[in-house]
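Written out below as structure tokens is the structure these notes cover.
Quick note: the coordinates plus some simple rules give every number you see, no bench work behind them. Bear in mind the structure is a predicted one, so any value in this text is a computation, not a measurement. No Cβ is skipped: glycine too gets one built from the backbone with ideal geometry, and neighbour counts run over all protein chains shown.
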Amino acid sequence: MHVGNARTALAAWLDVRARDGRMLLRLEDLDRDRCRPLFADLIRRDLAWLGLGWDAETPPQSTRSSAYDAALERLFAAGHLYECYCSRRELAVASAPHGPAGRRYPGTCRDLSDEDRAARRAAGRTPSLRLRIPDGSVTIHDRLLGALDQVPARTMGDVVVRRSDGLHSYQLAVVVDDAADGVTDVLRGDDLLPSAGCQAVLQDMLGLDRVSYAHLPLVHGPDGRRLAKRHGALAISELRDGGTDPGRLVNWLGRTLGIEQAGGASAADLLGGFAVERIPSSSPVVF
């Protein structure tokens, strides 16, 4: 975790505790090549060091393939999916939550004939599965931003829900997981705001309840870009190992969330001054 992740986690923890809810920890480990048990342990340690406990840890995504496959079967039977034979490189972003860096799938395989699909299979191509996003707008109710009308077909396009190598996509997994885990509220960074409309479409197609969202502005580095490894040693583990006082860090994070409190603080100390509606609309900057 870095400082930006910690800020979002703190905001979610405060929101849950202020409303007498339950905090769930879910390890989103779809990407088998990048996810390691060590990383999961570090996340747990980082959260504990910041004083951000959780009420339950749900099954990790790597154990839920059967639930994702069941959802795909329902979607396919209803005509919401189609096979896509585009290259692996084009589909590499399917397991990532942020979409293809502003690029939208042009629908190359959307209306292939049975003969076209058979020819591609004969050529050795294994298809991915894409969601046939309908035209029209979807209204997202965001506790920070208000009611937002999105057109997922325009902003996201027909997203991949299962890659050609069998890996299920983020968009499908979180929708299925939220329903299975009883999630009612999601607080996350606004880089995921474009995904909200797509996820609402999936929820409707699968007959699932929609969740309530709050999308926070991201922490930025001194170059004005969202916080990332390029900005140096801002990992929580490095701050912890370097002797940083967690209370001082939590207090600074609280100030970026609109909570005014002098001196060191624990997360619990910030509860009285927190409300989602008070979170500033501008992105905090770390130097």
Check your understanding: Dimensions of the chain along principal axes (Cα, Å, largest first)?
Key -> 69, 37, 37
Review point. Using θ = phi - 60° and the Karplus form 6.51 cos²θ - 1.76 cosθ + 1.60, what ³J(HN,Hα) does each residue of the stretch 191-202 get, whole Hz, x for Gly and Pro?
Key: 5, 9, 4, x, 6, 4, x, 4, 5, 5, 4, 4
Check your understanding: If you keep only loop residues by DSSP, which trypsin sites (Lys or Arg not before Pro) in the stretch 196-287 have at most 14 other Cβ atoms within 10 Å of their Cβ?
Key -> Arg225
Review point. Based on the Cβ-Cβ distance of Ser281 and Arg240, what FRET efficiency does E = 1/(1 + (r/R0)^6) give at R0 = 45 Å, to the nearest 0.05?
Key: 0.90
Revision key, fill the gap. Quick calc: nm separation of the 7 Å Cα→Cβ label points for Ala70 and Arg117 -> 2.5
Check your understanding: Debye sum, Cα scatterers, the stretch 64-176, no solvent: what log₁₀ I/I(0) at q = 0.17, 0.18 1/Å?
Key -> -0.88, -0.98
Study note, to complete from the structure: Output row, site Arg22, 7 Å Cα→C-beta label point, backbone N cut-off 17 Å, window the stretch 47-82, residues 53-60
Revision key, fill the gap. Stretched fully, the stretch from Thr139 through Ala48 gains (0.36 nm per residue minus C-alpha distance, one decimal, in nm) 29.1 nm
**Study point:** Estimated [θ] at 222 nm from DSSP helical runs (n ≥ 4, -39500 (n - 2.57)) normalised by residues in the chain, nearest 500
**Key:** -10500 deg cm²/dmol
Review point. Short version: ³J(HN,Hα) in whole Hz for each residue of the stretch 269-286, in order, from phi by Karplus 6.51 cos²θ - 1.76 cosθ + 1.60 (θ = phi - 60°), x for Gly and Pro, what are they?
Key: 5, 8, 4, x, x, 9, 7, 3, 5, 8, 5, x, 7, 8, 7, x, 10, 9
Revision key, fill the gap. 1/(1 + (r/R0)^6) with r = Cβ-Cβ of Thr126 and Ala180, R0 = 30 Å, i.e. FRET efficiency to nearest 0.05, evaluates to 0.60
